[in-house]
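Notes follow the structure.
The values are calculated or read from the model by the stated rules, or taken from the named source; none is laboratory data. Please read all numbers here as calculations on a predicted model, not as lab measurements. Methodologically, a virtual Cβ is constructed for each residue, glycine included, from the backbone with ideal geometry; neighbour enumeration extends over all protein chains shown. The area values use the complete protein model at the heavy-atom level, side chains included, leaving out ligands, DNA and RNA. Shrake-Rupley method; radii C 1.70, N 1.55, O 1.52, S 1.80 Å.
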Amino acid sequence: MVIITTKPEHLSGELNLPGDKSITHRALLIGALARGITEVRGFLDSEDCRSTIGCLEALGVKINRRANRLFIEGRDMKLAEPEQVLNAGNSGTTARLLLGILAGQSFRAAVAGDYSLQQRPMKRVVEPLRLMGAQIEGEGDRLPLEIKGSGLHPINYRTQQASAQVKSAIILAGLYPAGETTVVEPYRSRDHTELMLAQFGAELKIEGQSVSIGGQPRLKGSLVRVPGDLSAAAFFMVAAAIVNKSEIMLKNVGINPTRSGILDALTEMGVSLEIMNRRLWGREPVADIAVRGGAFLKGITVDGELIPRLIDEIPILAVAAAVAEGRTEIKDAAELRVKEADRISALAGQLKRLGVRIEEKKDGMIIEGESRLVGNNVESFGDHRIAMALAVAGLAAEGDTLVHNAEVIGISFPGFMAAMRSLIN
Ligand code: S3P
């Protein structure tokens with residue numbers, strides 16, 4: 001599928017974003033482990049989340065859908081031995097978090113993924129889970145992997161990367177043995193797993209970059225209201241910021257501080273963002289965000305602890321940087337090379353095709369800014385966020401921008417183009 005975007009007069013209107021992807025995965029997985037029914041309101045109905053649902057159903061979990069609600073019948077920690085390979089599709093979160101849960105089961109299971117997921121690093125979860133006692137086999141410690149759970153023991157583990165997927169896999173495995181499992185990260189990554197487990201009744205201790213979970217808690221099925229996905233909202237924040245005279249309102253967006261680096265970065269660049277109506281949905285902070293276009297934008301430096309707080313927003317941040325005045329430098333972001341695509345090389349290659357002066361670095365990129373964008377044919381490289389970022393860049397370009405292989409947007413945001421069209425009038 002090809003999508004085509006051109007310069008609109010302005011963007012205006014109100015959007016309700018789809019449910020948060022990270023939180024939807026966690027509601028499904030933790031709901032499956034709890035006792036009783038978990039109701040998930042406003043879940044994200046996208047390919048990645050369907051991968052999690054498919055794996056859980058193969059593990060004997062009953063999940064019913066009524067309108068935009070899911071009802072999960074929890075299995076009180078014990079899943080059923082699957083008769084088929086568990087297919088995580090394109091979803092790193094599904095594969096990694098599921099491995100943590102499978103480590104605590106008493107059967108053997110195989111986890112596979114699509115071509116992109118098979119290239120992504122799994123050693124980062126395999127290593128700590130082996131230390132806890134799981135047997136895991138697979139070529140080069142990549143998918144497909146076979147895992148045999150067992151009586152795990154707690155560990156105290158220091159991760160190499162700030163990765164919520166790795167941290168969550170260890171915490172989920174840490175639910176099984178008696179005693180306390182601790183994960184320490186170089187920087188703090190998103191904490192949705194911790195917040196949700198606490199809501200379901202687990203005992204957690206959080207001190208700086210260290211998270212400890214008490215083993216064998218009683219998890220009780222709960223109501224989860226999934227906030228709108230800030231990572232989806234970010235595409236529209238930048239779209240409105242780079243199209244003059246735009247004025248949009250994004251409703252019910254999750255603004256968890258471990259995730260909200262994009263709000264800090266865009267504010268520092270000069271984007272006019274107003275965060276209103278702050279409240280909590282369960283333990284997750286939510287707000288409405290008004291964005292006004294036409295403000296003067298300037299380049300910034302993005303690095304260090306900010307990186308894990310906006311890792312998924314770097315593709316769209318690069319688009320804002322392309323039109324801002326002055327240089328934007330993105331550092332300490334080598335993780336971008338092992339996402340759904342190598343996002344550093346994909347962004348550098350494709351933004352150049354639109355006229356952006358961008359230099360690829362080992363752990364990031366330098367964008368010179370004030371680019372006059374010109375429409376062209378560009379490629380998603382099978383990466384949903386690259387596709388959406390390029391489509392937004394097309395809104396600031398002269399002529400048509402054609403984004404090829406854009407069907408991958410369905411991984412996280414099936415209604416993206418419809419939402420975009422609803423703002424162009
Ligand atoms: C996610 C964590 C991040 C992020 C991904 C979703 C999660 O990955 O990039 O899109 O839901 O835990 P890492 O944990 O690999 O940094």
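Could you tell me the convex hull volume per residue, in Å³, taken over the Cα atoms of segment 201-302?
Given the Cα convex hull of segment 201-302, per-residue volume reads 112 Å³.
Given Cα pairs under 8 Å that are at least 6 residues apart, what percent is the relative contact order of segment 76-184?
Relative contact order here is 29 percent.
Using a 1.4 Å probe and ignoring any ligands, DNA or RNA, find the accessible area of Glu359 and quote it in Å² to the nearest 10.
The value for Glu359 is about 90 Å².
Given R₀ = 30 Å, FRET efficiency for Glu360-Glu407 by Cβ-Cβ distance, to 0.05?
Approximately 0.70, to the nearest 0.05.
Straight-line reach only, C-alpha to C-alpha below 15 angstrom: list the aspartates and glutamates that Lys62 could link to, leaving out same-chain residues fewer than 8 apart.
Glu39, Glu73, Asp76, Glu81
Calculate how steeply helix 230-242 sits against the longest principal axis of the alpha-carbon atoms of the chain, using the helix alpha-carbon long axis, and give the answer as 0 to 90 degrees to the nearest 10.
Tilt of helix 230-242: around 10 degrees.
From the square roots a ≥ b ≥ c of the eigenvalues of the alpha-carbon gyration tensor of the chain, which class results: rounded (a/c under 1.5), prolate (a/b over b/c), or oblate?
Cα axes put the chain in the prolate bin.
Could you sort His10, His25 by accessible area so the largest value comes first, with the probe set to 1.4 Å?
Descending order: His10, His25.
Calculate the spin-label point distance for Ala418 paired with Arg130, positioning each point 7 Å from the Cα along the beta-carbon direction, and give it in nanometres.
The answer from the label model is 4.6 nm.
Once the Cβ-Cβ distance between Asn68 and Glu370 is put in as r, and R0 is 35 Å, what FRET efficiency do you end up with, to the nearest 0.05?
The calculated FRET efficiency here is 0.25.
Check the straight Cα-Cα distances from Lys331 and name the aspartates and glutamates below 13 Å, setting aside those fewer than 8 residues away within the same chain.
List returned: Asp303, Glu305, Glu359, Glu360, Asp363.
Which whole-Hz couplings ³J(HN,Hα) result when phi for each residue of segment 396-404 is put into the Karplus expression 6.51 cos²θ - 1.76 cosθ + 1.60, θ = phi - 60°, listed in order with x for Gly and Pro?
9, 9, 6, x, 8, 10, 10, 9, 8
Cα-Cα over 24 Å: which of Lys78/Lys220; Lys148/Lys220; Lys21/Lys298; Lys21/Lys339; Lys123/Lys167?
Working: Lys78/Lys220 14 Å; Lys148/Lys220 26 Å; Lys21/Lys298 30 Å; Lys21/Lys339 15 Å; Lys123/Lys167 13 Å.
The pairs that break the limit, which is 24 Å between Cα atoms, are Lys148/Lys220; Lys21/Lys298.
So, in Å, what gap is there between the alpha-carbon centers of segment 1-66 and segment 168-185?
First find each Cα centre; the distance between them is then 25 Å.
Could you give the length gained on full extension between Arg50 and Ile4, defined as 0.36 nm per residue of separation minus the Cα-Cα distance, in nm?
13.9 nm
Specify the angular offset, from 0 to 90 degrees and rounded to the nearest 10, of the alpha carbon long axis of helix 92-102 from the longest principal axis of the alpha carbons in the chain.
Result, in degrees: 10.
Starting from the 7 Å offset along Cα-to-Cβ, what nm value, one decimal, do you get for the label separation of Thr301 and Lys220?
A separation of 5.0 nm, rounded to one decimal place.
Could you work out the relative contact order of the chain, using alpha carbon pairs under 8 angstrom and six or more residues apart, expressed as a whole percent? Working shown, then result.
Details: 1084 pairs, mean separation 77.2, N = 425.
Rounded, it is 18 percent for the chain.
What FRET efficiency do you get for Glu398 and Ser106 if R0 is 60 Å and r is their Cβ-Cβ distance, rounded to the nearest 0.05?
The computed FRET efficiency comes out at 0.45.
Could you give the C-alpha radius of gyration of segment 21-213 expressed as a fraction of 2.2 N^0.38 Å, taking N as the number of residues it contains? Intermediate results must be reported in sequence, preceding the final value.
Details: Rg = 15.1 Å, N = 193, 2.2 N^0.38 = 16.3 Å.
With N residues counted in segment 21-213, Rg over 2.2 N^0.38 Å equals 0.93.
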